[in-house]
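Here's a structure for you.
The values are calculated or read from the model by the stated rules, or taken from the named source; none is laboratory data. Please read all numbers here as calculations on a predicted model, not as lab measurements. Glycine gets a Cβ as well: all are built from the backbone with ideal geometry, and neighbour counts include every protein chain shown. The protein model used for the area step is the full one, side chains on, heavy atoms only, and it has no ligands, DNA or RNA in it. Shrake-Rupley method; radii C 1.70, N 1.55, O 1.52, S 1.80 Å.
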Amino acid sequence: MPEVKLVNITKRYGRIIANDHINLTIKDREYVSIIGPSGCGKTTLIKIIAGIIKPDEGEVYINGKLVNDTPIEDRGIGYVFQNIALFPHMTVWDNIIYGPKVKGYPLEEAENLARETIEMIKISAKIDSYPDELSGGTQQKTAVARALMSRSSLLLLDEPLGALDLKVRTVLRYEIRRIVKDLGLTALHVTHDQEEAMSISDRVVVMRKGRIVEAGRPLELYMRPKRLFTANFVGEANFLTGEISRVAENGSIIDLGNNMKLASTDKSRRAGERVVIAFRPEFVAIRREKGKNTLPGRIINIIYSGNLLRLTIELPGGNEITVKKTIRSGETFPRLGERIMVDIPPENVLVYQYPEGGLHKELSLD
Ligand code: ADP
Ligand code: MG
């Protein structure tokens, strides 16, 4: 079954290291997404798995077999490319049946395969249309259908939804997951949209500058990111620097300066260590009185978006944090300029070693 194993995959373009010793195993029937800033090496990696690019170093195994010298057509892969690439002069039907035809399948077999695929992807009504008569969503469905025609159990998707409107993108991403799961495929899905990755994947791999930063289940990456970069790239986070003042049985106390202290359930650092703490805007509560784990602040900006309030809060010393708050009926609205307390549960205060090159560099996307 299609397990993919990458060992030390490295690819250079002159001085650029597009993939820098990548080690990754994708299990049979697993849906894995790769996210990372533009230019971090996602497309290069997927093309190396497909056999379109040869790595300078490292091995690609599919089903336990070394495939470095196996040409793309013999790797048993369905591939949806980053840019919509249907043949413009062919109908949906002809686009879909093209692959098996050039491979010399008997016509009847190819047609049956195409009919089955079209049924599965639900584009029966469009089979006589030309690509420029289709919506972006249907074009991409056709591209997925074409990739599935090989009946290979490994599907590689490079930003398959990148060119679509948000609404279409959201619907289609669940469709793709459904098809992958229904057919028992193994899928590797590259995207720069972290929300897309989080909502459809069994596991998400975060890449940066040709390397894997970390990989994990979506919720795990969100709640307990191992790296500062992930905390920033996946979702949203506030960052403050401080020093561990005490480590106890149930966690540690971080001194943030300006008479501010916060407790965290994290015990991985030692007293005196310089650290960065991170917490997500939606885990912060606004109070009018001091609580167990609160910092004083002043509301300096309020943005209303639907039932969500986005507050910017200035802390003593001038650092600013973002707080997201859902509005419930009957509640007093926070006011601009109001002095409040922000309350952060200790389990949501993530603690990291202060990065060697500084916080800014650690979080930067390039
Ligand atoms: P992503 O898909 O994550 O945006 P890519 O894999 O396309 O990233 O590119 C990774 C890096 O390799 C980028 O810096 C890109 O400019 C560079 N790169 C990719 N393809 C080539 C090429 N054919 N020649 C030179 N540099 C390339
Ligand atoms: Mg790319």
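Report the accessible area of Leu166, computed with a 1.4 Å probe over the heavy atoms of all protein chains in place, in Å² rounded to the nearest 10.
Approximately 110 Å² of Leu166 is accessible to the 1.4 Å probe.
Right, next: Once the Cα gyration tensor of the range 33-96 is found, what semi-axes does its equivalent ellipsoid get, as square roots of 5 times the eigenvalues, in whole Å, sorted largest first?
Values: eigenvalues 124, 63, 18 Å².
Here the semi-axes work out to 25, 18, 10 Å.
Right, next: Measure nothing but the geometry: give the 0 to 90° angle between the long axis through the Cα atoms of 166-183 and the longest principal axis through the Cα atoms of the chain, rounded to 10°.
Value to nearest ten degrees: 60.
Additional query: Return a whole-number percent for the relative contact order of the chain, with Cα pairs under 8 Å and 6 or more residues apart as the contact set.
16
Now for a different question. For the chain, give the percent of accessible area contributed by carbon and sulfur heavy atoms, probe 1.4 Å, rounded to a whole number.
49
Hey, if you put +1 on the Cβ of every Lys and Arg and -1 on every Asp and Glu Cβ in the range 17-135, which of Asn63, Gly99, Ser124 ends up farthest toward the positive end of that dipole?
Asn63
Please report Rg over Rh for the range 292-366, where both radii come from the alpha carbon positions and Rh follows the Kirkwood definition.
A ratio of 1.04.
Then there is this: When the Cα atoms of the range 144-301 are enclosed in a convex hull and the volume is divided per residue, what value in Å³ results?
179
Excluding the sites themselves, what is the longest stretch of the chain that contains no trypsin sites (Lys or Arg not before Pro) in a DSSP loop with at most 11 other C-beta atoms within 10 Å?
Values: sites that count: Arg15, Lys103, Arg270, Arg288, Lys290, Lys292, Arg328, Arg335.
Looking at the chain, 104-269 is the longest stretch - no exposed trypsin sites (Lys or Arg not before Pro) with at most 11 other Cβ atoms within 10 Å.
Mind computing the radius of gyration and Dmax over the alpha-carbon atoms of the chain? Å is fine for both.
24.6, 78
With no solvent and one point on each alpha carbon, what is the Debye value of log10 I(q)/I(0) for the range 217-366 at q = 0.13, 0.16, 0.17 Å⁻¹?
Taken in order of the listed q values, log10 I(q)/I(0) reads -0.59, -0.90, -1.01.
Another question about this same structure. Rounded to the nearest 500 deg cm²/dmol, what is the calculated helix-only ellipticity per residue at 222 nm for the chain, with -39500 (n - 2.57) per DSSP H run of length n ≥ 4?
-7000 deg cm²/dmol
Let me ask something else about it. So which aspartates and glutamates can Lys141 reach, going by Cα to Cα under 17 Å and dropping same-chain residues fewer than 8 places off?
Reachable aspartates and glutamates: Asp94, Glu116, Glu119, Asp128, Asp132, Glu133, Asp158, Glu159, Asp165, Glu175, Asp182, Glu196.
If you build the Cα gyration tensor of the range 37-171 and take the root of 5 times each eigenvalue, what three semi-axes come out, in whole angstrom, biggest first?
26, 20, 11
Another question about this same structure. With springs only between Cα atoms under 10 Å, which of Ala278, Ala248, Ala215 fluctuates most in a Gaussian network model of the chain?
Comparing Ala278, Ala248, Ala215 in the GNM, the peak value goes to Ala248.
Using a simple charge model, +1 on the beta-carbon of Lys and Arg, -1 on the beta-carbon of Asp and Glu, nothing else, what dipole does the chain show about its Cα centre, in debye to the nearest 20? Display every interim value, and only then the final one.
Numbers: 52 positive and 47 negative charges, 225 e Å.
The calculated dipole for the chain is roughly 1080 debye.
How large is the accessible surface per residue of the chain, computed with a 1.4 Å probe and reported in Å² as a whole number?
50
Hey, which of these cross-link pairs are over 27 Å Cα-Cα: Lys167/Lys209; Lys47/Lys181; Lys167/Lys361?
Checking Cα-Cα distances, Lys167/Lys209; Lys167/Lys361 exceed 27 Å.
Based on the Cα gyration tensor of the range 139-211, what are the three equivalent ellipsoid semi-axes, each the root of five times an eigenvalue, rounded to whole Å and given largest first? List each step's numbers first, then the result.
Values: eigenvalues 71, 48, 28 Å².
They are 19, 16, 12 Å, listed from largest to smallest.
Now, a different point. For the range 65-104, what is the Kirkwood hydrodynamic radius in Å, using each pair of distinct C-alpha atoms?
When all Cα pairs of the range 65-104 are included, the Kirkwood radius is 12.2 Å.
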